[in-house]
Amino acid sequence: MGGPFSFRRWARLFADYSIFLEGMGITLLVAAAALGLALVLGIIFGLFSTSSLRPLRSLSRVYVEFFQNTPLVIQIFFIYNALPYVGIRMPELLIGVLGVGVYHGAYVAEVVRAGITSIPRGQWDAARSQGFSYVQAMRHIILPQTITIVLPPLGNQAVNLIKNTSILALIAGGDLMYRADSWAANGTLSYGPAYAVTGVLYFLMCFPLVKWVRKHELRIKNRDARAPADIPPAEKAGA
C-alpha cells in the first residue's frame, strides 16, 4: 500500500472512521465515570487528610502514597489478571473505570488537601468564634473558598485522566487506542495514519479542558490583583 502515510492508507482509514469515533465514545464514557469516582474518593480522602482524627489522616496517607507510588499499569493488570484467581471477574470497561478512577483519586485527594490547608487559619478561628462545628465550618466557609482554588489543578487531573484511559488498550478495553491499534494491525498495517488520527482525537478531547484551566487561572490572578484596589480608602488608612 505504499509508504506508511500513503494516500491509500489514509483513504482506508477515512472509510473506516466510525471505528475511531466508537473508540472515542468509549474513551469519553470511561473517562467520565472514572473522573466521577476520582472526585468522590478525592474529596473523601482529602477531608480525611485534614481531619483532627489521626486514624483518618493515616488512612488517607496510606491510600495516597500507595496509589501515587505504584504504576497504573500494574494496578490495571492486578485487577485484570490476579483478581480472577480469587473469583473476582469484571468487564474490561469496569476495570478501566475502577483502575483509572482509584488511581487519580489519590491525586485529587492531594489537590483537595492542598486547597483546604491553603485557607488562612483565621477563617477557622472566625468560624469557631461564631459557634460553627467542624462540619458547618467546612460546608459554609472552607469548602466554598476551596472550590475556586482547586478547580485548575482538578482540570489538569481530568486531562491526565483522559490520556491515561489509553491503558485500556492493554486489556482489549475497546477504547480509542485499542480500536486504532486493532484497525492498523488487521491486515492494513497502517499504523502511521491510525496513530496520527488517534493523537488528534485525544488532543480534541483534552485541549478544551486545558484552555478552560488557563482561563480560570487567569481570572483568579486578575481577581487577586484587583483585590487591594477594592479596599475602601478609610480601611487602607486605618490598616
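For the chain, with only Lys/Arg (+1) and Asp/Glu (-1) charged at the beta-carbon, what is the dipole magnitude about the Cα centre, in debye rounded to 20?
Here the size comes out at about 440 debye.
Let me test this: with uniform point scatterers at the alpha carbons of the range 7-226, what is the Debye-based log₁₀ I(q)/I(0) at q = 0.11 1/Å?
The Cα Debye sum returns log10 ratios of -0.66.
Grab every C-alpha pair in the range 138-187, bin the distances at 5 angstrom width from 0 up to the longest one, and report whole percents.
Pairs per bin, as whole percents: 5, 18, 15, 13, 11, 10, 8, 8, 7, 3, 2, 1, 0.
Any idea how far apart Leu56 and Asn156 come out in nm if each label point goes 7 Å out from Cα toward Cβ?
2.7 nm
Among His216, Val30, Val62, pick out the residue whose Cα is farthest towards the positive end of the charge dipole of the range 7-226, where Lys and Arg carry +1 and Asp and Glu carry -1 on C-beta, about the Cα centre.
His216
The numbers here are math on the coordinates, done by the rules we state, and not lab data. Being a predicted model, the structure only gives us computed values, none of them experimental. Positions of Cβ are generated from backbone atoms using ideal geometry, with glycine treated the same way; all protein chains shown enter the neighbour counts.
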